[in-house]
Amino acid sequence: MSAADTRRFESSLSDLGVSLTRTEADEFAATIDSLVTEPAVGVPFEAHDGLSLADTVVETPPTPRLLKAAEVGVTPVGKAVAEYGTLVVDSDPVGTEPVSLYPPTHVAVVRESDVLPDVEAATDYLDGRFAAGGSSVFATGVSSTGDMGALVEGVHGPKHVEVVLITDR
Amino acid sequence: MSAQRKRRRKAERIRHLLETEGDAVHENVTHLNEGRYEAIERFDEFEDLRTQARRIKEDAIENLPDLIDTLRESVESNGGTLYVADDADDANRYITDVVGSKDAETLVKSKSMTTEEIEVNEALEAMGVDVFETDLGEFVIQVADEAPSHLIGPSLHKSREAVAELFNRVFDPEEPFETAEELTEFARDYLGERIRDADVGMTGANFVLAESGTITLVTNEGNARKSAVTPDTHVAVAGIEKIIPNAETLQPFVELISKTATGQDISQYVSMLTPPVDSPTIDFENPDEPLGSGDGERDFHLVLIDNGRTEMREDDHLRETLYCIRCGACANSCGNFQHVGGHAFGGETYTGGIATGWEAGIEGLETTSEFNDLCTGCSRCVNACPVKIDIPWINTVVRDRINGETPPSEFEFLVEGLTPDAEGTVSPQKRFFGNFGTLAKLGSATAPVSNWVAQLGPVRTLMDRYLGVAPDRDLPQFERETLVDWFESRRPRAPNATADRAVVLYPDAYTNYVLTDRGKAAVRTLEALGVHVELGSPIESGRAPLSQGMVRTATDHAEAVAADLDPYLDAGFDVVVVEPSDLAMMRREYEKLLDADSHARLSENSYEIMEYVYGLLSNGADADALAGATVPVAYHSHCQQRTLGVDAYTEAVLEDLGFDIVTSDVECCGMAGSFGYKSEYYELSLDVGEDLHDQFADESDRTLVASGTSCTEQMADLFVRDVTHPVELVAPDGR
């Protein structure tokens, strides 16, 4: 990660129409509450540098009912790719994959130190994950389709994506 | 059915598709194609990554058996199952067994051409399983009970109005659907419910990583992720050619596929799943239990399909097809596809461009013969392909094989004099067009009588009936005095003592017998710039037979041309070519027809006329020796010229000489040689030409300029105006 990568990430997100909110770990809970609409569902964040959704309006752990009803899904992401504004959503047993996918809005929490310049730079990370049996998704912008005769956003995946960048991690 | 009736039927079918689907196809495909150019324009590494991608695929196909072994180990150690199916029946037997063992009632699918190929939906439905396509385009096709018309946009032949009409009829909503938003929302909700209820999820795979057993799915909608991860059981189906080693080799493809497919920098979702995945299972029947607490043990089956691919791997010409990553760029860059879409190309599963290789390898030649004809060999797909597959060559080879299986025609006698010894069973139509060089020689020798006879109504009727020459297309007017005659008659004939360079001008059949003015202009231009010029022998380059799939005849021509030019090359002459499609022969196609040394020698020493003029001027030749700019011009460069990247020289020379120039950027004029002359394709040819016509619609005060013969003839028909070759503008006496 470099300051240039972060700037590029921000501008790629802006091209995609994805908003970015900078915050520090201390302000995490307050920032999340200011961004989400209820009902919101999230995955437990504890493994993610001690960030926690416990003091937020976001409900955890995810259940099928929450997945169906929630307006917002809040998850951490493994890495980000500055060049394309891509979020690397890792599959895990707490449900990051479905929580990032089912609700109409995905709020993705990215540590600034996890912003990589390009796809090539993500290769080592992916290699390690795959070797350990892991799965990841490059998610860039919102779900969309042109199959109904015009571009429509929000199909099987989210219609809105917001990024929370943790700047002190 | 007689050949004429067949041709009429084909023409009718094309006309019908132009009327019903043409507009939607044109709008959508043009949009994708323009996006492709833009995405590549802003991506500096495109050429490097193409080279890398090509090499990765070459190696992967070469090492395929080892990769399958590695993949089997990794899938099994992850806890999944790998099955390699010999053919469609074998695959369907395995898949229905798996689905049956789950007592599955419903199955959701994400878009997969490979499952289209094996027709798994039919097999599943036969055992009572409800199958739902979750990709919206594929869903439209499923509801309409149609075949996909495009590799990545299966329903792009349908307009919004057509989809609305279909959904309103089938689903009968309280309020009829109108907007794309309404249609999307309905499909999403309808399919979302099916996904939540499904017992099994089935996906394809864009890439499969051998070392980890990771499958990669590239989508924009998110349906593949949902289908793969929501149900407990995931069956992935892919051709064996989809395997590459690891994440490192995946990177170029992730970057390339969306840019060449849809013009996106990257697709919305590149899912890289190493099943069974860590994500918890979702039991919607127990809505308040945390995810993963249902009974769900995840089960994963990877079904790799051979279905002819091993044989393709062993086939020197079809092997390249296996490098295809299914992006559809070849279709999007195809003038014919842009106008008439995949349904005109036909085929069982795959359609357009690279589909010829797929259908020939998977379905066999009989299926392929249906649609291979729509490739005009313009080569615009060559630079579009992210793995550099020579698609026109695959089409040529397949065409050749189809020719070999054509039964002799009762009208064989019509083309008796044109029967090449090398190939016995080519249809009269193909043999007629494949022997243009002989025809031109005959036509010229008997001109003007030949021109006059050829125009007579009864003659045109016979030519249409027996040879399939479109009755409405103007025929070339043969010149009695050939370029060679003119050149020989010039005096004095002594070598140009002050010349710095020596050139042998290649007199292609058109330049020698039909468009002699451009040949004379080329000679005068070269001489004015201080070059000693000689003419080669008027031997047809082999382009005409090659276009008809007559590869052996084309090879004979190529060898004759090479032998004729050989002494000149020995003597240090450069070869200059007027006709871009013949330059493309020497630079590109001769690689397949000649030995490596002969090809290298010709390829390195042959130049397009305006490219050569550019080089002379850049090296100090005096531009004042040429005609100054006189008229404003509208210039259309030739498709093969653009593939070779030599079109820029013409533009540069004209601009340097002060010409006011506008250039077209349409993919193809719609002619591409014999294609536009054939009775069954005449209308399509003109329809494709409409784009060029539209581009120059406001340029009625400009002189029309084109480099290629076929463009010249097509533009003359489209605009009903004279068309000039660029060298005629700059020749000392100008135009």
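The values are calculated or read from the model by the stated rules, or taken from the named source; none is laboratory data. Owing to the predicted nature of the structure, the values given are computational and were not obtained by experimental measurement. As a convention, Cβ positions derive from the backbone with ideal geometry for all residues, glycine included, and neighbour counts pool all protein chains shown. The accessibility values were calculated without ligands, DNA or RNA, using every heavy atom of the protein model including side chains. Shrake-Rupley method; radii C 1.70, N 1.55, O 1.52, S 1.80 Å.
Observations on the structure shown:
- Strands (runs of 3 or more DSSP E) wholly inside the range B:153-271 that include at least 2 residues being not β-branched (V, I, T): B:200-203, B:207-209, B:233-239
- Filtered by the rule that a residue be open to solvent by less than 30 Å² (accessible area, probe 1.4 Å), away from chain A (no Cβ under 11 Å) and not hydroxyl-bearing (S, T, Y), the range B:174-209 gives B:A198, B:V200, B:G201, B:M202, B:G204, B:A205, B:F207, B:V208.
- Residue within the range B:104-111 that is modelled with pLDDT of 95 or more, at positive phi and not β-branched (V, I, T) present: no
- Residue match in the range B:232-240 (condition: more than 13 Å from every other protein chain (Cβ to nearest Cβ), touching a residue at least 60 places away in the same chain (Cβ under 8 Å) and open to solvent by 10 Å² or more (accessible area, probe 1.4 Å)): yes
- Residue satisfying all of: in the range B:294-307; surrounded by fewer than 22 Cβ atoms within 10 Å (Cβ to Cβ) and modelled with pLDDT of 90 or more; nearest to the other protein chains (Cβ to nearest Cβ) among these: B:R298
- Number of positions in the range B:245-267 that are in contact (Cβ under 8 Å) with a residue 40 or more places away in the chain, farther than 22 Å from B:G353 by Cβ and either touching a Leu at 6+ places or on another chain (Cβ under 7 Å) or more than 7 Å from chain A (Cβ to nearest Cβ) (or both): 3
- Residue count for the range A:117-166 satisfying the condition of being in contact with an Asp or Glu (Cβ under 7 Å, 6 or more places away or on another chain), part of a strand (DSSP E or B) and more than 8 Å from every other protein chain (Cβ to nearest Cβ): 2.
- Helices (runs of 4 or more DSSP H) wholly inside the range A:1-105 containing at least 3 residues that are within 14 Å of chain B (Cβ to nearest Cβ) and open to solvent by less than 40 Å² (accessible area, probe 1.4 Å): A:3-16, A:64-69, A:96-101
- Of the residues making up the range B:78-103, those that are in contact (Cβ under 8 Å) with a residue 40 or more places away in the chain, over 24 Å from B:A360 (Cα atoms) and touching a Leu at 6+ places or on another chain (Cβ under 9 Å) number 6.
Yes/no per residue for (1) free of Cβ contacts under 8 Å to residues at least 60 places away in the same chain; (2) among the small types (G, A, S):
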{"position": "A:G78", "(1), (2)": "yes, yes"}
{"position": "A:S100", "(1), (2)": "yes, yes"}
{"position": "A:E112", "(1), (2)": "no, no"}
{"position": "A:D118", "(1), (2)": "yes, no"}
{"position": "A:Y125", "(1), (2)": "yes, no"}
{"position": "A:F130", "(1), (2)": "yes, no"}
{"position": "A:E153", "(1), (2)": "yes, no"}
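- Some residue of the range B:669-686 being farther than 29 Å from B:G628 by Cα, acidic (D, E) and under 17 Å from the mean Cα position of the chain (by Cα): no
- Selection within the range B:268-293 - more than 7 Å from chain A (Cβ to nearest Cβ) and in contact (Cβ under 8 Å) with a residue 24 or more places away in the chain: B:P275, B:P276, B:T281
- Elements of type helices (runs of 4 or more DSSP H) contained in the range B:1-80, each with 2 or more residues being within 14 Å of chain A (Cβ to nearest Cβ): B:22-41, B:46-62, B:64-78
- Selection status of B:E73, surrounded by fewer than 20 Cβ atoms within 10 Å (Cβ to Cβ) and either under 19 Å from B:T203 (Cβ atoms) or touching a Phe, Trp or Tyr at 6+ places or on another chain (Cβ under 9 Å) (or both): no
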